[in-house]
Amino acid sequence: MIFLNLLKQQTLNKTQSHNFSMKTMMNVQFLPKNIHEAKVDSIVIPCFEDEKTNQYISLLGSDFVDEYQRLRKSKEFSAKKNKIHKISCMGKINANYLFLVGLGKTKELHNETLRRAVATAHKAVKRSKSSDYLSLLNQVDLPDTAFTVAEAAYLSDYSFDSYKTKKKDAETGKSKSEIKTLFLWNTDEKNPSKSIKQLARAKIIAASTNYCRNLVNTPPNELYPEVLAKEARKLKSPNTKVTVFDEKALKRMGCNAILAVGNGSARKPRLIIVDYNPKGAKKSLAVVGKGITFDSGGLNIKPGAYMESMKCDMSGAACAISVVKAAKDLGIKHRVIAVVPAAENMPGALSYRPDDVIKTYSGKTIEIGNTDAEGRVVLSDALAFTEKNIKPDQIIDLATLTVACVVALGYFTTGMMTSDETMATNLHNAGELSGDRVWRLPLWEDYKDHMKSDIADVKNISKGRDSGTITAAIFLQHFVKSTPWVHLDIAGTAFLKESQFYKPKGGTGAGVRLIVEYLSSM
Ligand code: BES
Ligand code: MN
Ligand code: ZN
């Protein structure tokens, strides 16, 4: 009997199918009621450092007004950015708790301040075991607050616990509380249908970002090139074509760079194309994402401390796929194509080696100096393939490409390199609007010599350790002939060791909100 059960389990494991899409998401809706009539567990109130009285607290009666004055005077609550204070309502109103959340100075209010306040409040409300709450954060004086608040709340609500047998909160270690509904206050709402559309849009974009996080967080024994391909196939529909090239097809096509990187692994590489082409599309954007499902370094093997978390090396791929998912769900008018070179970089008898020379899809040859600079190698085939066969108007590639980018920009900012001024400006603006920010590094000719090879067209490492992020981009530039192209290095932003407000530890979904915003204004 025990044996039979074991047998059953084994077959189950083999056919295990993942669901990377979000579990049922929290509900977000408007509550058209007076604040003191709201029957909710908690209420969240926006507060400013420089306000003398708080208009919302005034609506709750003199007891609350007195308590607010006392808290401010005693400096127990300063209303500085991200400060939060919980008040027990003790039956004076329907809600159990009031959460005062600080937004800093009125004049300095910014979209990102609001997102972070939403995250601070959401986590505090969750800790209080409330199962629903009314937030007045959408009342602040900024454009599209319903969108911003809903999106930030969905992103803050994310947790990755598919592999926990007991469901506990990752941060507190306590058993998990769940928020079922977030109500946004909609008195004075001038344009309700516009606001309801904003909530739907926020839900789609957050769901795609959280889906991207799930793909990144899934361990590499469970997510390898074939699994990524299988996942991409789920996006197939009348307006979306999915093509997967396996190792045999790659060989036939001459994608020897992708094959070389994947050759040390038992999990064979794939080139995955998801082509969303809605009726009447006039413009097209290809999103090329580095899909190294695990980066051990290969023969130039990484030391243990650097190898840990290298499951995140397919974050660019996860982003590309998630952007197409969002574009489909939003019904974006442009053609959007995800191009994913997926491989596992492992040491083995068949691994590619330093000193190898590879003839790539483009015809250009690469001399390998270091097998740990594998991202640029797989991207060389993917970029050339994209330009030649898909012929998009624009290309954006995303890659967890260089440690140097983390050194230069840290964990808050994606590195952007391009010689297309219009794309640079538009992506910069999309970053400011979405909060998924980028900062440009130069891609000047001065750096070209760094990547010269004595025996091949280009080498995959530079002579020195200087300007590693830029020289990697210079390498990629060899494989894009004339299409307007932007390279985004997400090495610092895709995966976090410490959470940042609405971004959890682990996969962040970097690039998804950025590119969806970029597409929306294209
Ligand atoms: N995937 C890594 C870069 C990375 C490291 C991303 C840490 C995110 C966090 C990449 O393949 C790599 O190993 N880059 C090397 C290149 C070097 C050998 C030229 C690097 O940056 O050190
Ligand atoms: Mn590497
Ligand atoms: Zn890598």
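The values are calculated or read from the model by the stated rules, or taken from the named source; none is laboratory data. Keep in mind that what you see is a predicted model, and the values were worked out from it rather than measured. We place every Cβ from the backbone using ideal geometry, glycine too, and count neighbours over all the protein chains shown. Just the protein is used for accessible areas: all its heavy atoms, side chains included, with ligands, DNA and RNA removed. Shrake-Rupley method; radii C 1.70, N 1.55, O 1.52, S 1.80 Å.
Over region 246-380, the reciprocal of the mean inverse Cα-Cα separation, the Kirkwood hydrodynamic radius, stands at 15.5 Å. Work from the charge dipole of region 206-348 (Cβ charges, +1 for Lys and Arg, -1 for Asp and Glu, about the Cα centre) and give the residue of ASN214, VAL339, GLY264 farthest towards its positive end. Positive-most Cα among the choices belongs to VAL339. Placing R0 at 35 angstrom, the Cβ-Cβ distance between ASP161 and ASP449 gives a FRET efficiency of 0.10 after rounding to 0.05. Round to the nearest 10 and give me the degree value, 0 to 90, for the angle of helix 2-15's Cα axis relative to the longest principal axis of the chain. Around 80 degrees separate the two axes.
The packing ranking, built from the mean of other Cβ atoms within 10 Å per residue, places the peptides 377-383, 142-148 in the order 377-383, 142-148, highest first. Placing +1 on the Cβ of every Lys and Arg and -1 on the Cβ of every Asp and Glu, with nothing else charged, gives region 344-438 a dipole about its Cα centre of roughly 140 debye. Using C-alpha pairs under 8 Å with a sequence gap of at least 6, the mean separation divided by the residue count of the chain gives a relative contact order of 14 percent. A Förster radius of 30 Å combined with the Cβ-Cβ distance from THR243 to THR425 puts the calculated FRET efficiency at roughly 0.35.
Relative to the Cα centre, the charge distribution of the chain, modelled as +1 at Lys and Arg Cβ and -1 at Asp and Glu Cβ, gives a dipole magnitude of about 1460 debye.
Apolar share of the accessible surface for the chain: 51 percent from carbon plus sulfur atoms, 1.4 Å probe.
Bridging of LYS73 to lysines at a Cα separation below 25 Å is possible for LYS52, LYS81, LYS83, LYS86, LYS92, LYS105, LYS107, once same-chain residues fewer than 8 apart are set aside.
Between 0 and 90 degrees, the angle of helix 421-434 with respect to the longest Cα principal axis of the chain falls at about 40 degrees.
Distance between the 7 Å Cα→Cβ label points at GLU76 and ASP141: 2.9 nm. Thinking of region 176-322 as a set of Cα atoms, what percent of all their pairs are more than 22 Å apart? So the portion of pairs separated by more than 22 Å is 54 percent. Label separation (ASN389 vs LYS197): 3.8 nm, computed from points 7 Å beyond Cα along the C-beta direction. Taking all protein chains as they are arranged and a probe of 1.4 Å, the heavy atoms of LYS388 leave approximately 130 Å² accessible to solvent.
Relative to one another, the C-alpha centroids of region 453-518 and region 90-130 are positioned 35 Å apart. Full extension of the chain between ASP466 and LYS279 yields a length gain of 62.6 nm, computed as 0.36 nm times the residue separation minus the alpha carbon distance. Under the simplified labelling scheme, the LYS236-LYS364 pair shows an inter-label distance of 3.4 nm, with each label point 7 Å from Cα along Cα→Cβ. Counting Cα-Cα pairs of region 411-476 in 5 Å increments starting at 0 gives whole-percent bin shares of 3, 17, 24, 19, 15, 11, 7, 3, 1, 0.
Rounded to the nearest 10 degrees, the inclination of helix 62-73 to the longest alpha-carbon principal axis of the chain is 60 degrees. Here is the tail figure for region 450-522: Cα pairs spaced more than 16 Å apart come to 65 percent of all pairs. Out of every Cα-Cα pair that the chain contains, those further apart than 38 angstrom amount to 32 percent.
Listed by chain and number, the lysines whose alpha-carbon sits under 17 Å from that of LYS302, ignoring those within fewer than 8 places in the same chain, are LYS311.
Could you please state, rounded to a whole Å, how far the C-alpha centre of region 270-310 is from the C-alpha centre of region 378-451? Answer, in whole Å: 14. Placing unit charges on the Cβ atoms of the charged side chains and taking the dipole of the chain about its Cα centre, the candidate lying farthest along the positive direction among HIS110, ALA424, ILE35 is ILE35. Applying 0.36 nm per residue to the separation of ALA349 and LYS176 and subtracting their alpha-carbon distance, the gain on full extension is 57.7 nm. At a probe radius of 1.4 angstrom, the accessible area of the chain per residue rounds to 45 square angstrom.
Solvent-accessible area of THR402, all protein chains in place: 10 Å² (probe radius 1.4 Å, heavy atoms, ligands and nucleic acids excluded). Would any residue of region 92-128 have its amide N under 15 Å from a label point 7 Å out along Cα→Cβ of ASP50? List them or say none. Residues 103-110 fall inside that zone. Both radii are taken from the alpha-carbon atoms of region 57-215; with Rh as the Kirkwood radius, Rg/Rh is 0.97. Sorting 126-133, 62-69, 153-160 by their mean Cβ neighbour count within 10 Å, with the most densely packed peptide first, gives 153-160, 126-133, 62-69.
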